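Below is one structure; the comments refer to it alone.
The values are calculated or read from the model by the stated rules, or taken from the named source; none is laboratory data. Computed from a predicted model, the values in this text were never measured in an experiment. Cβ: placed from backbone, ideal geometry, glycine included. Neighbour counts: every protein chain shown.
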Amino acid sequence: MSPQKEMDLLRALFVPKWSSDVRLDGKTAIVTGANTGIGKETAKDLASRGARVIMACRDMAKGEQAARDILRAVRGAKVVARQLDLADTKSICQFAETVYETEKSLHFLVNNAGVAICPYGKTADGHEMQFGVNHLGHFFLTFLLLDMLKHSAPSRVINVSSAAHTMGKIQFDDLDGEKDYHPVRAYAQSKLANVLFTRELAKRMEASGVAVYSVDPGAVNTEITRHMRRPLVDILKTLSFLIKSPADGALTIIYCICNPESQMVNGGYYKDCAGAESCRAGQDDATALKLWAVSCHLLGMRWR
């Protein structure tokens, strides 16, 4: 057997065995970070099922190119690229306003965009970039779109987290890393925040018809590794059989959209197209509630 075939067989062991022919005709979805990687594959899959997909992208040139790619690949696809910079609350407000002006309903919000293990930087609003984009940006976006999600219920919010959340701790005394910044710790904190946000939002939406799930897509070959140091990238390459393609990485997101609600756990954590357990810190309801209150304060908003 050739080395390539051996690698393909090993990789197949780590790819979820799940498929669905569920149609989403008449449904509308927003996917953040949809110009590349997992986001683009999620948008493509949803479009192939008949959904109208709003591809929320920071770089409009790349977003429009990704939309054209999907239009060529999926016959009859209904996709549109919209500008969204999750590092700027003004951009988030403008995006949400456009959604309310142009869309009649919203059934799925996939909070996928993110930055990972990057040099220290701040958002337009002064927050550490990873916490600001990965958590606060999506927290604020969800808040602004919640009325439409409720109006369109049953609807779902999917927050894309990571296995890195298991290394995370919410540093309430230094959320913006101004005292002691470490890119890996900051990333892990932001991914833990995704899990905690999911749990608290699910509780608050219990009677609204809006379900909320967090997802670990696994180790995926995407542009998110661009800030990683060379030694870490080299290690990942030696374990390439563990690395999923973007399409395989999107599967659990699609699972959380298409799987019958009766088989899902609101507020649950999912990986490899199945329910899973987040780490103990990800199940701490007191921390989730405190993070909610602090997030509202940092964003200057009230969300009861």
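Points worth noting:
- Some residue of segment 106-119 being surrounded by fewer than 24 Cβ atoms within 10 Å (Cβ to Cβ) and free of Cβ contacts under 8 Å to residues at least 12 places away in the same chain: no
- Screening ALA286, ALA247, ALA293, ALA274 for residues that are closer than 28 Å to ASN35 by Cα, surrounded by fewer than 19 Cβ atoms within 10 Å (Cβ to Cβ) and at pLDDT 95 or above leaves exactly one candidate, ALA274.
- Filter result for the condition that a residue is at pLDDT 95 or above and small (Gly, Ala, Ser), over GLY218, GLY209: GLY209
- Residues in segment 171-204 that are of a type in the set (A, V, I, L, M, F, W, C) and closer than 10 Å to GLY282 by Cα: LEU192, ALA193, VAL195, LEU196, PHE197.
- Pairs, first without any contact (Cβ under 8 Å) to a residue 60 or more places away in the chain in segment 121-137, second of a type in the set (Val, Ile, Thr) and in a loop (DSSP other than H, G, I, E, B), C-beta under 8 Å, six or more apart: MET129/VAL115; MET129/THR123; GLY132/THR123; VAL133/VAL115; VAL133/THR123; GLY137/THR123
- Unmet criterion (only one of (1) modelled with pLDDT of 95 or more; (2) assigned to a loop (DSSP other than H, G, I, E, B); (3) surrounded by fewer than 24 Cβ atoms within 10 Å (Cβ to Cβ)) for PHE143: (2)
- Subset of segment 145-163 [out of contact with any strand residue (DSSP E or B) (no Cβ under 9 Å at 6 or more places or on another chain) and farther than 16 Å from ALA211 by Cβ]: ASP147
- Answer residue from segment 272-295, given it is more than 20 Å from the chain's Cα centre (by Cα) and assigned to a helix (DSSP H, G or I) and is farthest from LEU141 (Cα to Cα) among those: ARG280
- In segment 70-91, of all residues being of a type in the set (D, E, K, R) and buried (at least 16 other Cβ atoms within 10 Å of the Cβ), the one that is nearest to the chain's Cα centre (by Cα) corresponds to ASP85.
- Residue, nearest to LEU146 (Cα to Cα), within segment 171-214, restricted to residues that are of a type in the set (A, V, I, L, M, F, W, C) and more than 19 Å from the chain's Cα centre (by Cα): ALA207
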